[in-house]
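I have placed the structure first, in the form of structure tokens, so that the comments after it can refer back to it.
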Amino acid sequence: MITIKTIGTFKKLKSYFGHCSELNKILPWDKYGRYGCYRLALYTPTDSGKTAESWSYKVEIKDGTTSLSFYNSNIENGVCIATILLYGHVVNGGTWVEGYDYVTPALEPLFAQISKDAWEEVHRK
């Protein structure tokens, strides 16, 4: 038989997790969105620069969850140019142009900053 005995309350633990759930409201999501767009524009391969200039973001807070999404509005013939730069595409004549992952190195510092800010905020309380 296994017996578990506790002494005291879970007041501090409840407070800690309660504060964690408030991060959605505390962290500067618009700042992260602007920084992400800046980084994506900086790392987007350029020819005309139109794709690099076409980044935007949206912050959605719903049911205690925050989503930060990035969008690119440079669409030609129904195709998002940012996507084909990332994954590759076929050009006239059937030649395959290999994609280039510019998104990961662009956003890694953003993810690190969000993680750092969240960690500091949780441990501040």
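Bear in mind that the values in this text are calculations on the coordinates, not laboratory data. These numbers come from a predicted model, not from an experiment. Glycine gets a Cβ as well: all are built from the backbone with ideal geometry, and neighbour counts include every protein chain shown.
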Eligible aspartates and glutamates near Lys50 by straight Cα distance, threshold 16 Å, same-chain separation 8 or greater: Glu76
When you have a sec, figure out the Kirkwood radius of region 83-125 from all distinct Cα pair distances and drop it here in Å to one decimal? 12.9
Around Thr83: net Lys/Arg minus Asp/Glu count, Cβ-Cβ under 13 Å: -2
